[in-house]
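Worksheet for the structure shown next.
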Amino acid sequence: MEVIIVREDRIGDLVADEIAALMARKPDAVLGLATGSSPLRTYDAVADRVAEGTISLARARAFTLDEYVGLAEGHPCSYRTVIEQDFVSRVDLPTDAVQGPNGGAADLAAACASFESAMREAGGVDLQILGIGTDGHIAFNEPASSFASRTRVKTLTDQTRLDNARFFDGNVDAVPVHCLTQGLGTIMEARHVVLVATGAGKAEAVRQLVEGAVSALWPATILQHHPHVTVFVDDAAAAQLELADYYRSTYAHRDSVIR
Ligand SMILES: N[C@@H]1[C@@H](O)[C@H](O)[C@@H](COP(=O)(O)O)O[C@@H]1O
């Protein structure tokens, strides 16, 4: 796991560099998109580069991580709407090249299975962008999620519903109780995982993610078993890392070795 501690306002550009390198190497790459505030600067940076003509996503495909159950199609808080607004509408990725789990389906289990098949048929995710919840969840894999889990229905914790109430005009009762989410096993199949976390509220989750024991109590810790994870954090989110100096020094010397 590579841990990169930088100023928050640099993270978007650094993640966009990773995406640019992937698209240059593989123009029909498959991206994994996350919602939430953590990837917003990345989406801004990628949109700028698409406008400048230095990145093109015209041949790419994308899969989103998760979706609330039961929100009407087009609901402003549905992750399909959010990802369209925050990212897809601002880049040259065709709208029909983006797929997410369908939280409005009558048969939710079938919707999860067909989402998993679509990911498989696309050849899997090349680069997965991730945030992390304050309780260590990734996508909506709440504590005690199975490390082998696939896309399925989950029940949100009270903490996650409270954290996400800000998107529902502060009304926690409006936040759905259920969601569909890629499983931890699904996310672990992405070839490169890029996780972004900023702010003091994420410091404990980041400490567990990077240096904690791998445990179902902190679902993101499964990423310690992934061969290619890059974690971008600002000073506040890195504040509880015991080996922060080592990560800083590793990053400072990263260009002096052949990669
Ligand atoms: N399902 C999403 C996650 O994918 C996201 O990583 C997390 C953190 O969000 P934020 O980046 O806004 O802190 O929130 C939600 O629960």
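Taken together, the values in this text are just the output of simple stated rules run on the coordinates, not laboratory data. Nothing here was measured: the structure is a model prediction, and the numbers come from that model. Neighbour counts run over all protein chains shown; Cβ positions are idealised from the backbone, glycine included.
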Enumerate by residue number the trypsin sites (Lys or Arg not before Pro) in segment 1-75 meeting two conditions: DSSP loop (anything except H, G, I, E, B), and at most 13 other Cβ atoms within 10 Å of the site's Cβ.
Arg7
5 Å is the cut-off here: which amide hydrogens, built 1.01 Å from N in the peptide plane, fall below it relative to Leu195, excluding neighbours closer than 5 in sequence?
Leu130, Thr230, Val231, Phe232
Whole-Hz ³J(HN,Hα) for each residue in segment 215-231, computed from phi via Karplus 6.51 cos²θ - 1.76 cosθ + 1.60 with θ = phi - 60°, x for glycine and proline: what do you get?
8, 4, 5, 10, x, 4, 5, 4, 5, 4, 8, 8, x, 9, 10, 10, 10
Gain in span if fully extended, Thr157 to Val177, counting 0.36 nm per residue against the direct Cα distance:
6.4 nm
Calculated FRET efficiency for the pair Arg120/His226, C-beta based, R₀ 22 Å, to 0.05
0.75
Between Ala24 and Glu211, how many nm apart are label points set 7 Å from Cα along the C-beta direction?
3.4
From DSSP H assignment alone, runs of 4+ in the chain each adding -39500 (n - 2.57), the sum over residues rounded to the nearest 500 puts [θ] at 222 nm at -9500 deg cm²/dmol
